[in-house]
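Engineer: Take this structure, written in structure tokens, and hold onto it; I'll ask about it next.
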Amino acid sequence: IDEFLYVLPPFYTQNVILRQGWSGISTFVQPLYPAIGDIMAPVGDALFFAVNGQGVFSPSLNLNTIGDWDTNEGLVIFMNQEATVTIEGYEKVNPDITLLQGWSMFPVFSQCSHSVSQVFEVLNDDLIVVREIGSYKVYWPEMGIFTLDTLQSGSMYQIYLNQAREFSFPACD
């Protein structure tokens, strides 16, 4: 008798909370089915608008110029009400990010949340400010403003740097 053993790659799932109003979202999972319409279908009419460097997605306006979601882009979204989307895949997103001089989007490619001050120690004097999309929370060391203290898995931020830098998320404890 011939017997076969099939080995499947690891399976990852991430539940991303979509707050009511504006926010930024990201994922550490490379979606198995990356079509933005498929990913966001379970939230239905709760999602009004999503945008990133690829384009725009709005089910209520029957608009989709994003197509497949590139996880490196993250999404800035507007939700009519809070919902949760589950993203499934067989691999994790590469945790390395190239951050540009000036403003950049900063998706969180990590399974866990991280202390802002610990994560950004590696950027030293190049870091000017980090802000959470859709919130008042800011990490701005030069001005002594530290209302943003944790980078949440599934969220996305904006960051301002003096010069371009490579960044890699630390491992989860």
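Engineer: Would you work out the charge dipole size for region 105-160 about its Cα centre, treating the Cβ of every Lys and Arg as +1 and the Cβ of every Asp and Glu as -1, and quote it to the nearest 20 debye?
Structural biologist: 220
Engineer: To continue, here is another question. Would you list Y160, Y139 from the most to the least accessible area, probe 1.4 Å?
Structural biologist: Y160, Y139
Engineer: For n ≥ 4 DSSP H runs only, could you compute -39500 (n - 2.57) per run for the chain, divide by its residues and tell me the 222 nm figure to the nearest 500?
Structural biologist: -1000 deg cm²/dmol
Engineer: Test of understanding: what is the full-extension gain from S58 to Q118, defined as 0.36 nm times their sequence separation minus their Cα-Cα distance?
Structural biologist: Going from the current span to full extension adds 18.0 nm.
Engineer: While we're on this one: Roughly how big is the chain's charge dipole about its Cα centre, with Cβ charges of +1 (Lys, Arg) and -1 (Asp, Glu), in debye to the nearest 20?
Structural biologist: The calculated dipole for the chain is roughly 540 debye.
Engineer: Still on this structure, I have one more. What number, in nm² with one decimal, is the all-direction average of the projected area of the convex hull of the alpha-carbon atoms of region 50-126?
Structural biologist: Average projection, Cα convex hull of region 50-126: 7.0 nm².
Engineer: What percent of all Cα-Cα pairs in the chain falls in each 10 Å bin, counting up from 0?
Structural biologist: Bin by bin from 0 Å, the calculated values are 10, 37, 32, 15, 4, 2, 0, 0.
Engineer: Subtracting the Cα-Cα distance from 0.36 nm times the residue separation, let me have the gained length for D38 to C172 in nm, one decimal.
Structural biologist: Value of the extension gain: 45.3 nm.
Engineer: Now, a different point. What relative contact order, as a whole-number percentage, does the chain give when Cα pairs under 8 Å and 6 or more residues apart are counted?
Structural biologist: The value is 29 percent.
Engineer: Calculate the spin-label point distance for V51 paired with N94, positioning each point 7 Å from the Cα along the beta-carbon direction, and give it in nanometres.
Structural biologist: Between N94 and V51, the label points sit 2.8 nm apart.
Engineer: Oh, and also: Let me know the whole percent of all Cα-Cα pairs from region 1-102 that are separated by more than 17 Å.
Structural biologist: 55
Engineer: Across all directions of projection, what mean area in square nanometres is found for the Cα convex hull of region 1-58?
Structural biologist: Taking the Cα atoms of region 1-58, their convex hull projects to 6.0 nm² on average.
Engineer: I need two numbers for region 97-159: Rg to one decimal and Dmax as a whole number, Cα atoms only, in Å.
Structural biologist: Taking only Cα atoms of region 97-159, I get Rg and Dmax of 10.8, 30 Å.
Engineer: Here's something else I'd like to know. Give me the number: length gained by fully extending Q111 to E82, i.e. 0.36 nm times residue separation minus the C-alpha to C-alpha distance, one decimal in nm.
Structural biologist: Gain in length upon complete extension: 8.3 nm.
The values are calculated or read from the model by the stated rules, or taken from the named source; none is laboratory data. Because the structure is predicted, anything quoted here is derived from the model rather than measured. Glycine also receives a Cβ, built like all others from the backbone with ideal geometry; neighbour counts cover every protein chain displayed. These accessible areas exclude ligands, DNA and RNA; they are computed on the full protein's heavy atoms, side chains included. Shrake-Rupley method; radii C 1.70, N 1.55, O 1.52, S 1.80 Å.
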